[in-house]
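Visitor: Questions regarding the structure given below will be posed in turn.
The values are calculated or read from the model by the stated rules, or taken from the named source; none is laboratory data. Here the structure is a predicted model, which is why all the values come from computation and not from measurement. Cβ: placed from backbone, ideal geometry, glycine included. Neighbour counts: every protein chain shown. Side chains are part of the model used for accessible areas, which takes the heavy atoms of the whole protein and leaves out ligands, DNA and RNA. Shrake-Rupley method; radii C 1.70, N 1.55, O 1.52, S 1.80 Å.
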Amino acid sequence: MKLENIVPWGRSKKEYMEMFDLTQEEIKSKKILGCGDGPSSFNTEVDYDDGCVVSVDPLYAYSKKEIMQRIDEVADGIIAQVKANKDKFVWKNIPDVESLEHMRIEAMMEFLMDYEEGKEEGRYLAEALPKLSFDDKSFDLALCSHLLFLYSDHLDEAFHLEAVDEMLRVAKEVRIFPLVTLKNERSPHVETVMAHLKEQGYDVEIVKTEYEFQKGGDEMLKISRA
């Protein structure tokens with residue numbers, strides 16, 4: 001994965017809590033794996049709260065300076081696209097485009113301030129699904145935000161099945177958000193993944209969340225061991 005192909009876009013701890021229906025108690029007590037966290041401030045903010053999050057993303061192969069430069073290159077273009085397509089989003093959790101820009105930039109700046117220290121501490125690792133280096137059951141909870149299902153046109157069914165199996169290998173519970181594609185349609189892989197997991201004896205449910213920015217993107221998949 002080359003840096004010029006990565007579009008860094010960070011989300012906050014508050015958004016993670018809303019997307020994944022997380023409680024403060026879970027954040028304090030569980031060892032969490034974030035898959036595809038990118039330049040979000042979730043890891044940073046949880047670390048401030050003395051929680052434990054390890055984030056994996058190909059982005060972390062690059063230096064702070066390189067990531068900052070890439071953010072500068074893409075940020076204005078992303079906001080321009082959002083402005084041009086305002087009707088495709090739900091302005092509830094985020095009231096307007098200006099608030100979105102402020103939230104994203106603030107989250108990414110928090111991440112960048114923490115990035116080098118976090119890498120030294122092993123909180124940011126340059127890895128990616130569907131293969132992770134962790135031992136079995138290393139985490140209590142694995143989260144995957146805006147990767148699986150969202151990019152169904154780019155990541156096929158086999159990738160989804162392998163990625164979910166891998167997260168369940170390393171974590172006791174998995175939560176994936178959202179379940180819609182970039183076209184705001186339910187991913188065709190959702191039913192296949194659910195059937196695959198139920199056959200293996202997992203408890204699988206679709207949970208309605210308090211977070212919605214993409215139209216129809218207010219559900220997560222919650223998977224746990226029966």
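Visitor: Kindly establish whether residue 145 is hydroxyl-bearing (Ser, Thr, Tyr), closer than 21 Å to residue 88 by Cα and touching a Phe, Trp or Tyr at 6+ places or on another chain (Cβ under 7 Å).
Guide: yes
Visitor: Shifting gears a bit: If I filter the stretch 122-139 for residues that are open to solvent by less than 10 Å² (accessible area, probe 1.4 Å) and within 23 Å of residue 180 (Cα to Cα), do I get at least one hit?
Guide: no
Visitor: Based on this model, can you work out whether residue 147 counts as buried (at least 22 other Cβ atoms within 10 Å of the Cβ) and within 30 Å of residue 86 (Cα to Cα)?
Guide: no
Visitor: Go through the stretch 25-37 residue by residue and tally those that are open to solvent by 60 Å² or more (accessible area, probe 1.4 Å) and either in contact with a strand residue (DSSP E or B) (Cβ under 6 Å, 6 or more places away or on another chain) or under 15 Å from residue 123 (Cβ atoms) (or both).
Guide: Qualifying residue count for the region: 1.
Visitor: Here is a follow-up. Among 205, 212, which is the only one that is in a strand (DSSP E or B), open to solvent by 20 Å² or more (accessible area, probe 1.4 Å) and either modelled with pLDDT of 95 or more or in contact with a Phe, Trp or Tyr (Cβ under 6 Å, 6 or more places away or on another chain) (or both)?
Guide: Step by step, each of 205, 212 is checked, and only 205 is in a strand (DSSP E or B), open to solvent by 20 Å² or more (accessible area, probe 1.4 Å) and either modelled with pLDDT of 95 or more or in contact with a Phe, Trp or Tyr (Cβ under 6 Å, 6 or more places away or on another chain) (or both).
Visitor: So, one more: Return a yes/no flag: does the stretch 153-174 have any residue that is under 20 Å from residue 7 (Cα atoms), touching a residue at least 60 places away in the same chain (Cβ under 8 Å) and open to solvent by 20 Å² or more (accessible area, probe 1.4 Å).
Guide: no
Visitor: For the stretch 187-202, state whether one or more residues are within 24 Å of residue 55 (Cα to Cα) and open to solvent by 60 Å² or more (accessible area, probe 1.4 Å).
Guide: No, there is no match, as no residue in the stretch 187-202 is within 24 Å of residue 55 (Cα to Cα) and open to solvent by 60 Å² or more (accessible area, probe 1.4 Å).
Visitor: Also, I was wondering about something else. Scan the stretch 34-77 for residues that are polar (S, T, N, Q) and touching an Asp or Glu at 6+ places or on another chain (Cβ under 7 Å) and jot them down.
Guide: Across the stretch 34-77, the qualifying residues are 41, 43, 44, 55.
Visitor: Next question. Pairs, please: C-beta under 7 Å, at least 6 apart or cross-chain, first residue at positive phi and in the stretch 126-139, second part of a strand (DSSP E or B) and modelled with pLDDT of 95 or more?
Guide: Pairs that qualify, where the first residue is at positive phi and the partner is part of a strand (DSSP E or B) and modelled with pLDDT of 95 or more, are 137/172.
Visitor: When the stretch 38-78 is examined, which residues are found to be open to solvent by less than 10 Å² (accessible area, probe 1.4 Å) and out of contact with any Pro (no Cβ under 8 Å at 6 or more places or on another chain)?
Guide: If the condition is that a residue be open to solvent by less than 10 Å² (accessible area, probe 1.4 Å) and out of contact with any Pro (no Cβ under 8 Å at 6 or more places or on another chain), then 40, 41, 42, 43, 44, 46, 53, 55, 56, 60 are the ones that fit.
Visitor: Okay, next question. I'd like to know if the stretch 121-141 contains one or more residues that are under 17 Å from the mean Cα position of the chain (by Cα) and of a type in the set (Asp, Glu).
Guide: yes
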